[in-house]
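The values are calculated or read from the model by the stated rules, or taken from the named source; none is laboratory data. Keep in mind the model is a prediction, meaning the values are calculated, not measured. Here the Cβ is made from the backbone with ideal geometry for all residues, glycine too, and neighbour counts use every protein chain on show. SASA here: full protein model, heavy atoms, side chains in, ligands and nucleic acids out. Shrake-Rupley method; radii C 1.70, N 1.55, O 1.52, S 1.80 Å.
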Amino acid sequence: MAEKGTPGRKLEFKDSELANKLFGPQAGNLALLAEKTGVAIDTRGSTATLTGEPEAVDLAASVLTQLYGLIQEGKAVHPQDVDCACRILLREPGADIRRIFLDTVYVASPRKTIAAKTISQRDYLMSIRENDLVFAVGPAGTGKTYLAVALAVSALMKREVKRIILARPAVEAGEKLGFLPGDLAEKVNPYLRPLYDALHDMLDFARVQDMLATGVIEVAPLAFMRGRTLNDAFVILDEAQNTTPEQMKMFLTRLGFGSRCVVTGDVTQIDLPAQTRSGLVEARGILAGVKGIGFVAFHEEDVIRHPLVGRIVQAYERHDRDRHDKAPGKAKA
């Protein structure tokens, strides 16, 4: 909270209706912005007064003015957009939020567009557009798979490719899987569920089912890729940290003419048996510098969360720290 007497900065928005959209229901967007920046924000009509540390005030002012510009162009602004704008401008103060947010990947419906929300996501989209093969490595929740699926669906709708192939390794495909009912496809289906979820978020259920039935979209375990050549396809390998080096080489050499490939994974979440090397880790070392291959790294600050989820995570982190500090035998400072 800013100290009394700290000089304030006024932002006057000409259109009161658009200003209300910027401020959010019950001024929720402003409350979130204040929480993120530590700036006190008072409003009177369509004027916002920002009070706090100069750098924090500059950040909050940039967030508000740039998001107001987006609203003027007809884009709805939600709390997660405020959160994303804060993180982008913290990392790159001169960033153009408009350029990032309006780089639409796919229009799922008149009310739903899919676009980059962080600088890393922007770089990711550019890399996929510029390279035939892209590796995206980073923690869960950064949009690696979701954006790749969105680009794949967009390419299919524009007839740039003839089909989409989504693959995942099923790391427990052994004795545990054998006890499940059904054929092999039904046994591995739980491992592929996140890919189906992404598809259903972008296309209506009946259309997805029709494309799956006709083979225009294929969702399959990695083992099903062996011996194939994938032409005119947008191919995505998800959870690639759980491939062996042999599986990774097999997959990468399936790429055919007119195809693009995206490989995603999190090298901190490897579920392979002990002493088994990750194909993703090895591929990064072998293929670095190879022309036509892009590498994009995502970080913790790229994780896109509902603001409430962020606060829940912080609460658990505080709880864990407190429990650690109070543990028996813990030396007092």
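I'd like the Karplus ³J(HN,Hα) series for the stretch 112-124: coefficients 6.51, -1.76, 1.60, θ = phi - 60°, whole numbers in Hz, and an x wherever there's a Gly or Pro.
Coupling constants for the stretch 112-124: 10, 10, 10, 8, 5, 10, 9, 5, 5, 5, 4, 4, 4 Hz.
Suppose R0 equals 22 Å. What FRET efficiency, 1/(1 + (r/R0)^6) with r the Cβ-Cβ distance, do Gln209 and Arg159 give to the nearest 0.05?
About 0.60, to the nearest 0.05.
What does the charge count near Phe13 come to, summing +1 for each Lys or Arg and -1 for each Asp or Glu among other residues with Cβ under 15 Å from its Cβ?
Once positives and negatives cancel, what remains is 0.
Suppose every K and R has +1 on its Cβ and every D and E has -1 on its Cβ; what is the size of the dipole of the stretch 267-333 about the Cα centre, in Debye to the nearest 20?
220
Can you pull out the trypsin sites (Lys or Arg not before Pro) in the stretch 27-116 whose DSSP state is coil and whose Cβ has at most 13 other Cβ atoms within 10 Å?
Answer by residue number: Arg111.
What is the extension gain from Phe224 to Glu130, computed as 0.36 nm multiplied by their sequence separation minus the C-alpha to C-alpha distance, in nm to one decimal?
That works out to 31.1 nm of additional length.
Kindly express, to the nearest 10 degrees and within the range 0 to 90, the angle between helix 307-325's C-alpha long axis and the longest C-alpha principal axis of the chain.
90
Before rounding to the nearest 500, sum -39500 (n - 2.57) across all DSSP H runs of length at least 4 in the chain and divide by the residue total; then give [θ] at 222 nm in deg cm²/dmol.
Numbers: 13 runs with 150 residues, N = 333.
One gets -14000 deg cm²/dmol as the mean residue ellipticity at 222 nm.
One-quarter of the Cα convex hull surface for the stretch 9-114, in nm²?
6.4
What is the percent carbon and sulfur in the accessible area of the stretch 18-117, measuring with a 1.4 Å probe over the protein chains and ignoring ligands?
Heavy-atom surface of the stretch 18-117 belonging to carbon and sulfur, 1.4 Å probe: 49 percent.
Past 23 Å, Cα to Cα, is the threshold; run Lys36/Lys112; Lys21/Lys117; Lys249/Lys291; Lys112/Lys144; Lys75/Lys162 against it and keep the listed order.
As for pairs spanning more than 23 Å Cα to Cα, those are Lys36/Lys112; Lys75/Lys162.
Treat every Asp and Glu Cβ in the chain as -1 and every Lys and Arg Cβ as +1, leave all other atoms uncharged, and give the resulting dipole magnitude about the Cα centre to the nearest 20 debye.
Dipole about the Cα centre, nearest 20: 160 debye.
Which GluC sites (Glu not before Pro) does the stretch 1-73 hold that lie in a coil by DSSP with at most 15 other beta carbons within 10 Å?
Of the GluC sites (Glu not before Pro), the ones in loops of the stretch 1-73 whose Cβ has at most 15 other Cβ atoms within 10 Å are Glu3, Glu73.
List the residues whose amide H sits under 5 Å from the amide H of Asp15, counting only those 5 or more places along or on another chain, with H placed 1.01 Å from N in the peptide plane.
When sequence neighbours closer than 5 places are left aside, there are no close amide H contacts.
Can you compute log10 of I(q)/I(0) for the stretch 54-121 with the Debye formula, treating each Cα as one identical point scatterer, at q = 0.12, 0.26 Å⁻¹?
Debye curve over Cα of the stretch 54-121, log10 I(q)/I(0) at q = 0.12, 0.26 Å⁻¹: -0.29, -1.26.
Once the Cα atoms of the chain are picked out, what are the Rg and Dmax in Å?
23.2, 72
Select from Leu230, Val39, Gln269 the residue farthest towards the positive end of the dipole of the chain; place +1 on Cβ of Lys and Arg, -1 on Cβ of Asp and Glu, and compute about the Cα centre.
Leu230
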